[in-house]
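Undergrad: Just dropping this structure here.
Only the coordinates and a few stated rules stand behind these numbers; no lab work does. These figures come from a predicted structure and were not determined experimentally. As a convention, Cβ positions derive from the backbone with ideal geometry for all residues, glycine included, and neighbour counts pool all protein chains shown.
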Amino acid sequence: MGFEVIFKGKNFIRLLSGLGVALRISVISVAISIALGIVIGMLMTLKKPVINAVTRVYLEIVRIMPQMVLLFIVFFGFTKMTGSNLSAELSSIIVFSFWGTAEMADLVRGCMISIPVIQYESSKALGLTRLQTYIYVIIPQIVRRLIPLSINLITRMIKTTSLIMMIGIVEVLKVAQQIIEANRKSAPKAAFGVFAAVFLLYFLACWPISCLSKYLEKKWEN
Amino acid sequence: MDQEVINSYIPLFKDAFLLTVKIGWLGIALAFLLGIVCAFILYFKIPVAKTVVRCYVELFRNTPLLVQLFFIYYGLPAVGISISAEVCGVVGLGLLGGSYMTESIRSGLEAIPVIQTESALSLGMTNGQLFKNVILPQAFTISVPGIVANVIFLLKETSVFSAISLMDLMFTAKDLIGLYYNTMESLFLLVIFYVIMLLPVSLAGTFIEKKVRFKMFGD
């Protein structure tokens with residue numbers, strides 16, 4: 001079935017390091033997305049018309065544009081427009097952060113407006129200052145709702161980074177193709193085994209994270 | 001940007017657009033059917049089938065479409081199962097979408113409190129009436145936002161079809177950039193056609209969500 005090819009020589013290590021490239025890019029992008037997303041999400045709840053209009057357009061762009069298209073625009077379009085060279089890795093980080101920030105901002109906004117107004121009013125009536133209201137009442141609740149959702153964003157980010165292969169970064173799928181090509185003669189059925197292995201690797205990378213997210217969501221439900 | 005270049009590219013992009021839309025919606029239809037069947041299997045807790053469905057959902061929700069397509073299109077032929085690129089696109093999108101749809105529909109079904117089922121049965125409703133009049137209308141309302149989000153997500157995912165050499169929008173754009181180096185024109189048309197494909201769906205989705213919201217009971 002072609003599974004033996006995976007463990008031949010350094011093939012398995014190469015596949016893992018390919019996955020490592022994808023994971024590294026997603027970790028960097030997630031970190032940027034979460035930081036920027038929290039700021040933008042909070043800005044969105046301020047109800048300033050200009051900010052609202054800008055963020056609405058931003059969210060709608062991200063909502064309807066496939067990440068692949070954004071990747072192409074940054075990787076090919078930006079280079080053509082400015083005449084400078086943007087590495088594939090940097091452009092993928094830019095695109096995934098652009099996309100992730102919008103997702104995160106939407107989550108933050110959703111959590112912020114899900115806190116009933118009555119809680120702000122009650123805190124005020126109890127004599128808490130604005131800062132105290134946020135520290136003791138609002139933020140603990142938001143964090144509990146937000147953490148499972150942002151963990152979910154990480155798995156989505158990992159899945160999306162499989163696209164970087166299309167702009168020429170050597171990650172796990174590309175390595176898989178190389179291994180299959182190199183063993184075309186000796187193991188003609190390698191394609192099945194190697195792609196099945198990639199499938200499983202992605203599953204093993206994402207599944208525990210989704211489980212953690214589900215577990216935390218249940219645990220903090222009330 | 002060169003107007004003439006854009007005009008000469010439009011027919012190419014139109015063909016690619018039609019192909020993308022066709023495969024996208026066929027895949028979504030398959031995903032929806034699969035989602036309904038799997039969600040009911042989970043809801044009624046049918047033994048064995050339930051475990052199979054759960055494994056399928058977890059497996060496909062936690063892997064990217066690109067990897068799934070590579071496995072179906074390049075992996076399976078090595079063991080004697082080969083299918084055309086178009087069928088592969090529909091099947092791949094259908095399988096991925098099916099797992100997402102299952103979750104959305106199931107969460108809708110499970111959100112109906114057991115007391116409503118019990119009350120309906122104690123009022124003398126048959127199982128058919130219970131489903132038709134009590135569970136489905138409410139479950140559908142709850143599932144709609146999830147289903148709409150899934151449809152948009154799946155239409156966006158069609159952009160990876162170029163990896164299995166389907167002549168879709170991405171493939172055409174990449175091809176034209178490689179052949180004639182008219183990067184800006186190709187990218188411009190790519191964006192325009194994706195907007196044509198997705199903006200109406202996005203707006204319609206928001207509209208439908210607003211439309212069905214009033215049906216919620218006690219909320």
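Undergrad: Within region A:193-208, can one find any residue that is more than 21 Å from B:Leu59 (Cα to Cα) and either assigned to a helix (DSSP H, G or I) or touching an Asp or Glu at 6+ places or on another chain (Cβ under 6 Å) (or both)?
TA: No, region A:193-208 contains no residue that is more than 21 Å from B:Leu59 (Cα to Cα) and either assigned to a helix (DSSP H, G or I) or touching an Asp or Glu at 6+ places or on another chain (Cβ under 6 Å) (or both).
Undergrad: Same structure, new question: Of all residues in region A:104-156, which are within 14 Å of chain B (Cβ to nearest Cβ), within 19 Å of A:Leu46 (Cβ to Cβ) and touching a residue at least 60 places away in the same chain (Cβ under 8 Å)?
TA: Once the filter is applied, which keeps residues that are within 14 Å of chain B (Cβ to nearest Cβ), within 19 Å of A:Leu46 (Cβ to Cβ) and touching a residue at least 60 places away in the same chain (Cβ under 8 Å), region A:104-156 yields A:Asp106, A:Leu107.
Undergrad: Hey, another quick one. For region B:97-154, which positions are polar (S, T, N, Q) and over 28 Å from the mean Cα position of the chain (by Cα)?
TA: Scanning region B:97-154 gives B:Gln116, B:Thr117, B:Ser119, B:Ser122, B:Thr126, B:Asn127, B:Gln129.
Undergrad: Does region B:204-213 contain any residue that is within 14 Å of another protein chain (Cβ to nearest Cβ), of a type in the set (A, V, I, L, M) and on the phi < 0 side of the Ramachandran plot?
TA: yes
Undergrad: Here is a further query. Tell me whether region A:71-80 contains one or more residues that are away from every other protein chain (no Cβ under 14 Å) and among the polar types (S, T, N, Q).
TA: no
Undergrad: Also, quick follow-up: Hey, any hits in region B:128-144 for a residue that's touching a Leu at 6+ places or on another chain (Cβ under 7 Å), buried (at least 20 other Cβ atoms within 10 Å of the Cβ) and more than 24 Å from A:Ser162 (Cα to Cα)?
TA: yes
Undergrad: Ok, one more. For a quick check of your reading of the model, give me the residue pairs whose first member lies in region A:209-222 and is within 17 Å of B:Arg61 (Cβ to Cβ), whose second is not in a helix (DSSP H, G or I), with beta-carbon atoms closer than 9 Å and at least 6 apart or on different chains.
TA: A:Ile209/B:Asn62; A:Ser210/B:Asn62
Undergrad: For region A:45-63: of the residues being within 23 Å of A:Val95 (Cβ to Cβ) and basic (Lys, Arg), which is nearest to the chain's Cα centre (by Cα)?
TA: Applying the filter and picking the extreme gives A:Arg63.
Undergrad: Could you check how many residues of region B:154-188 are assigned to a helix (DSSP H, G or I), closer than 27 Å to B:Leu26 by Cα and more than 7 Å from chain A (Cβ to nearest Cβ)?
TA: Counting residues in region B:154-188 that are assigned to a helix (DSSP H, G or I), closer than 27 Å to B:Leu26 by Cα and more than 7 Å from chain A (Cβ to nearest Cβ) gives 15.
Undergrad: I'm trying to understand the selection: among the residues of region A:5-37, which are surrounded by 19 or more Cβ atoms within 10 Å (Cβ to Cβ) and among the hydroxyl-bearing types (Ser, Thr, Tyr)?
TA: The answer is A:Ser26, A:Ser29, A:Ser33.
Okay, residues lined up against (1) out of contact with any Asp or Glu (no Cβ under 7 Å at 6 or more places or on another chain); (2) crowded, with 21+ Cβ neighbours inside 10 Å:
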position	(1), (2)
B:Ile147	yes, yes
B:Leu155	yes, yes
B:Phe161	no, yes
B:Met170	yes, yes
B:Leu179	yes, no
B:Phe188	yes, no
B:Ile192	yes, no
B:Val201	yes, no
B:Gly205	yes, no
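Undergrad: Please specify each residue of region A:89-103 satisfying the condition of being surrounded by 18 or more Cβ atoms within 10 Å (Cβ to Cβ) and either more than 14 Å from every other protein chain (Cβ to nearest Cβ) or of a type in the set (Lys, Arg) (or both).
TA: A:Ile93, A:Ile94, A:Ser97, A:Phe98, A:Gly100, A:Thr101
Undergrad: At positive phi and either in contact with a strand residue (DSSP E or B) (Cβ under 7 Å, 6 or more places away or on another chain) or not in a helix (DSSP H, G or I) (or both) - does that describe any residue in region A:86-100?
TA: Checking region A:86-100: not a single residue is at positive phi and either in contact with a strand residue (DSSP E or B) (Cβ under 7 Å, 6 or more places away or on another chain) or not in a helix (DSSP H, G or I) (or both).
Undergrad: Return yes or no: is B:Ala204 in contact with a helix residue (DSSP H, G or I) (Cβ under 9 Å, 6 or more places away or on another chain) and farther than 30 Å from B:Asn7 by Cα?
TA: no
Undergrad: Across region A:4-25, what is the total count of residues that are within 13 Å of A:Ala176 (Cβ to Cβ) and either over 23 Å from the mean Cα position of the chain (by Cα) or in a loop (DSSP other than H, G, I, E, B) (or both)?
TA: Of the residues in region A:4-25, 5 are within 13 Å of A:Ala176 (Cβ to Cβ) and either over 23 Å from the mean Cα position of the chain (by Cα) or in a loop (DSSP other than H, G, I, E, B) (or both).
Undergrad: Right, something else. Looking at the structure I just gave you, is B:Ile81 part of a helix (DSSP H, G or I), of a type in the set (Val, Ile, Thr) and over 26 Å from A:Ala205 (Cα atoms)?
TA: Against the criterion (part of a helix (DSSP H, G or I), of a type in the set (Val, Ile, Thr) and over 26 Å from A:Ala205 (Cα atoms)), B:Ile81 does not qualify.
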